[in-house]
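Visitor: The structure's right below; bear with me while I get my questions together.
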Amino acid sequence: MTITYIKTELAPADNQLAAYLYFTSDTPVSYSYTVTKRTTSPTSVDFTYTSDLIYGVTQTIKIPVIGLYAQYANSVQVVFKDDTGTEVFNQPFIISTEDQEYDTSVIFHLDIEQTDPALFTSVWGNSWLMESTGRGYDQNGDLRFNFLSVYHLQPLRIHNGYLYTGSDEDMAWYGRRFFKIDIMGNVVLEFDMRDADGNHYANTHDVVWDSAGDIYMFGTDSPNRLTNTMAQDALVLKFNDQTGK
């Protein structure tokens, strides 16, 4: 059995603290990886991800690694198992973010007060506190996720591994743009936030999903505010989560 490392691609999309690791294998395999906790803090934590996908021998294995530390030479332990669950590969790789440039507003560490450490750890677990600006912090307060694009304090929700957030970018309407984004920072789709007359929906909030996977939110049907036309408030908007329509 031969598993071959091909290359590393750092920050291939909008999340600076992510990378792709590329491999090939001559037998079907699944993978897991651990971004090892940083050595510069005694309370830092590992981030571990396990995939349940089995990759065939004709596929290039493209591992999306998230949870890297900023300004750090990250050690990422990659493990492959064959289709019987037997470990066949276990090797560390260094992914450095030391040469990256960050926005001056980025905070790299938060001091988090843990009044109940046991409960805090069990609830937080292998997850992050996500800000609406697209920055994520682990339970140690370390930055582990950072969007290059700044989404301006619009409703941020996470659903089925995707981030949903928006930005008021057409200020004549105060019009909302709303996006579905994957963990690497790729925009999967942009929702169609205009009505039949071309007016923008704005002030969207309270994003929820139904059992069929459709997405609902409250919003305002907002004409160009440079004109004298009136807005219609408190609409319930329904979208297809796969098309954004």
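The values are calculated or read from the model by the stated rules, or taken from the named source; none is laboratory data. Since the model is a prediction, treat every value here as computed from it, not as a measurement. Positions of Cβ are backbone-derived with ideal geometry, glycine not excepted, and every protein chain shown enters the neighbour counts. Accessible surface is based on the protein model in full, side chains and every heavy atom, while ligands, DNA and RNA are left aside. Shrake-Rupley method; radii C 1.70, N 1.55, O 1.52, S 1.80 Å.
Visitor: Which one of these is open to solvent by 40 Å² or more (accessible area, probe 1.4 Å) and among the aromatic types (F, W, Y): Y49, Y20?
Guide: Y49
Visitor: Quick one: Y69 ticks every box in (1) more than 17 Å from N146 (Cα to Cα); (2) surrounded by 17 or more Cβ atoms within 10 Å (Cβ to Cβ); (3) not hydrophobic (A, V, I, L, M, F, W, C) except a single one, so which number is it?
Guide: Against the list (1) more than 17 Å from N146 (Cα to Cα); (2) surrounded by 17 or more Cβ atoms within 10 Å (Cβ to Cβ); (3) not hydrophobic (A, V, I, L, M, F, W, C), Y69 comes up short only on (1).
Visitor: Within the set of pairs 6 or more residues apart or between chains, which connect a residue that is free of Cβ contacts under 8 Å to residues at least 40 places away in the same chain inside the range 47-76 to a residue that is open to solvent by 60 Å² or more (accessible area, probe 1.4 Å) and hydrophobic (A, V, I, L, M, F, W, C) with Cβ atoms less than 8 Å apart?
Guide: Filtered contacts from the range 47-76: Q71/F108; A73/I94; N74/I94.
Visitor: Regarding the range 209-228, can at least one residue be identified that is hydroxyl-bearing (S, T, Y), in a loop (DSSP other than H, G, I, E, B), open to solvent by 40 Å² or more (accessible area, probe 1.4 Å) and at pLDDT 75 or above? It would help to see each step written out before you state the result.
Guide: Filtering the range 209-228 down to residues hydroxyl-bearing (S, T, Y) leaves 211, 216, 220, 222, 227.
From the residues that got through so far, the ones that are in a loop (DSSP other than H, G, I, E, B) too are 211, 227.
Then drop every residue that is not open to solvent by 40 Å² or more (accessible area, probe 1.4 Å), which leaves 211, 227.
From what's left, at pLDDT 75 or above: 211.
Within the range 209-228, one or more residues are hydroxyl-bearing (S, T, Y), in a loop (DSSP other than H, G, I, E, B), open to solvent by 40 Å² or more (accessible area, probe 1.4 Å) and at pLDDT 75 or above.
Visitor: Would you mention how many residues in the range 89-104 are more than 19 Å from T36 (Cα to Cα) and touching a residue at least 24 places away in the same chain (Cβ under 8 Å)?
Guide: Total satisfying the criteria: 3.
Visitor: Regarding V188, is this residue at pLDDT 85 or above, assigned to a strand (DSSP E or B) and either in contact with an Asp or Glu (Cβ under 7 Å, 6 or more places away or on another chain) or among the polar types (S, T, N, Q) (or both)?
Guide: Taking the combined requirement at face value, the residue satisfies it.
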